[in-house]
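*Asks:* One structure coming up, written as structure tokens, with questions to follow.
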């Protein structure tokens, strides 16, 4: 028996494609990458999946599970300045420094994406937020590349006021978990400052979703 089939990420992918009317006939594991504790991180699968219309879908699937991203607008309660809390880190996909919003994989916490967002913000930036301060930027999970991967993103927002000293403490702060090869530079930027530097499609979409959501709650 293929033990990968018992992993939560694989079961959730099967449930998702089945709920869309597809039939999963076969799953063979090409490769798994696991954490030190044995939890599945990524899996590359060779599959046979039949669409509701009766034809086979492309057979290679990259399973990584869902993730969350949070757009945080910080307000300086003393000066009235507003800037976005962003992170800059070098990415393996292109080798470049990438300006982004705090984000992270849900792994085995798929029932609590807000809780994961709270944890990721603190780990990456040092900012403490609570679930009650977070609001959703989309009424559904958004898929980043459904042609081959199961990864979907939860987009969240947060608007938080800080005193002048605390606000300024986030300028050029460092964050991340070196044990996970995270080396993060924290920055406070306006949208006008940030957008010319952004190469991440997710970050550009996040700005758009945040502004739409902010208009609704204003």
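*Asks:* Mind counting the residues in region 174-218 that are assigned to a loop (DSSP other than H, G, I, E, B), within 30 Å of residue 92 (Cβ to Cβ) and either outside the structural domain of residue 97 (by TED's automatic domain parsing) or out of contact with any helix residue (DSSP H, G or I) (no Cβ under 7 Å at 6 or more places or on another chain) (or both)? Can you show your working first?
*Replies:* Taking region 174-218 and keeping what is assigned to a loop (DSSP other than H, G, I, E, B), we get 176-177, 181-183, 190, 198-200, 218.
Subsequent filtering for residues that are within 30 Å of residue 92 (Cβ to Cβ) retains 176-177, 181-183, 190, 198-200.
Remaining after also requiring either outside the structural domain of residue 97 (by TED's automatic domain parsing) or out of contact with any helix residue (DSSP H, G or I) (no Cβ under 7 Å at 6 or more places or on another chain) (or both): 181-183, 190, 199-200.
Number of matching residues: 6.
Every residue, every condition in (1) exposed (fewer than 14 other Cβ atoms within 10 Å of the Cβ); (2) without any contact (Cβ under 8 Å) to a residue 40 or more places away in the chain; (3) under 18 Å from the mean Cα position of the chain (by Cα); (4) assigned by TED's automatic domain parsing to the domain that holds residue 78, yes or no:
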{"residue": "117", "(1), (2), (3), (4)": "no, no, yes, yes"}
{"residue": "127", "(1), (2), (3), (4)": "no, no, yes, yes"}
{"residue": "131", "(1), (2), (3), (4)": "yes, yes, yes, yes"}
{"residue": "164", "(1), (2), (3), (4)": "yes, no, no, yes"}
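*Asks:* Among the listed residues 110, 47, 29, which satisfies the condition of being more than 30 Å from residue 163 (Cβ to Cβ), surrounded by 14 or more Cβ atoms within 10 Å (Cβ to Cβ) and free of Cβ contacts under 8 Å to residues at least 24 places away in the same chain?
*Replies:* Working: 110 fails: free of Cβ contacts under 8 Å to residues at least 24 places away in the same chain; 29 fails: free of Cβ contacts under 8 Å to residues at least 24 places away in the same chain.
Only one candidate qualifies: 47.
*Asks:* Kindly indicate the residue of region 32-44 that is in contact with a strand residue (DSSP E or B) (Cβ under 6 Å, 6 or more places away or on another chain) and surrounded by 12 or more Cβ atoms within 10 Å (Cβ to Cβ) and also farthest from residue 147 (Cα to Cα) among those meeting that condition.
*Replies:* As a first pass, look at region 32-44 and keep what is in contact with a strand residue (DSSP E or B) (Cβ under 6 Å, 6 or more places away or on another chain): 32-35, 40-44.
When the remaining residues are screened for being surrounded by 12 or more Cβ atoms within 10 Å (Cβ to Cβ), the result is 32, 34, 40-44.
Working: 32: 20, 34: 23, 40: 21, 41: 20, 42: 16, 43: 16, 44: 14 Å.
Step by step, filter region 32-44, then rank; the result is 34.
*Asks:* For residue 58, only one of the following conditions fails: (1) over 30 Å from residue 207 (Cβ atoms); (2) part of a loop (DSSP other than H, G, I, E, B); (3) touching a helix residue (DSSP H, G or I) at 6+ places or on another chain (Cβ under 9 Å). What is its number?
*Replies:* With (1) over 30 Å from residue 207 (Cβ atoms); (2) part of a loop (DSSP other than H, G, I, E, B); (3) touching a helix residue (DSSP H, G or I) at 6+ places or on another chain (Cβ under 9 Å) applied to residue 58, the lone miss is (3).
*Asks:* Among the residues of region 68-85, is there at least one that is surrounded by 15 or more Cβ atoms within 10 Å (Cβ to Cβ), outside any helix (DSSP H, G or I), without any contact (Cβ under 8 Å) to a residue 60 or more places away in the chain and in contact with a helix residue (DSSP H, G or I) (Cβ under 9 Å, 6 or more places away or on another chain)?
*Replies:* No, every residue in region 68-85 fails to be surrounded by 15 or more Cβ atoms within 10 Å (Cβ to Cβ), outside any helix (DSSP H, G or I), without any contact (Cβ under 8 Å) to a residue 60 or more places away in the chain and in contact with a helix residue (DSSP H, G or I) (Cβ under 9 Å, 6 or more places away or on another chain).
*Asks:* Still on this model: Are any residues in region 86-107 assigned to a loop (DSSP other than H, G, I, E, B) and surrounded by fewer than 16 Cβ atoms within 10 Å (Cβ to Cβ), and if so, which ones? Even if it seems obvious, please write down each step before you answer.
*Replies:* Initially, region 86-107 is screened for residues assigned to a loop (DSSP other than H, G, I, E, B), giving 91-96, 101-102, 106-107.
Once the filter is applied, which keeps residues that are assigned to a loop (DSSP other than H, G, I, E, B) and surrounded by fewer than 16 Cβ atoms within 10 Å (Cβ to Cβ), region 86-107 yields 91, 92, 93, 94, 95, 96.
*Asks:* Which one is farthest from residue 113 (Cα to Cα) among residues in region 142-168 that are in a loop (DSSP other than H, G, I, E, B) and out of contact with any helix residue (DSSP H, G or I) (no Cβ under 9 Å at 6 or more places or on another chain)? Full working, then the answer.
*Replies:* Pass one, region 142-168, residues in a loop (DSSP other than H, G, I, E, B): 144-148, 150-151, 163.
Still in the list and also out of contact with any helix residue (DSSP H, G or I) (no Cβ under 9 Å at 6 or more places or on another chain): 145-148, 151, 163.
Numbers: 145: 19, 146: 20, 147: 23, 148: 23, 151: 13, 163: 28 Å.
Top of the filtered list is 163.
*Asks:* Restricting attention to region 86-107, and to residues there that are in contact with a helix residue (DSSP H, G or I) (Cβ under 6 Å, 6 or more places away or on another chain) and free of Cβ contacts under 8 Å to residues at least 40 places away in the same chain, which single residue is nearest to residue 209 (Cα to Cα)?
*Replies:* Ranking the qualifying residues of region 86-107, first place goes to 102.
*Asks:* Right, something else. When only residues in region 194-218 that are without any contact (Cβ under 8 Å) to a residue 24 or more places away in the chain and more than 17 Å from the chain's Cα centre (by Cα) count, which is surrounded by the fewest Cβ atoms within 10 Å (Cβ to Cβ)?
*Replies:* The residue in question is 218.
The values are calculated or read from the model by the stated rules, or taken from the named source; none is laboratory data. Everything numeric in this text was worked out from a predicted model, so none of it was measured. Quick reminder, even Gly has a Cβ in these numbers, built from the backbone with ideal geometry, and neighbours come from all protein chains shown.
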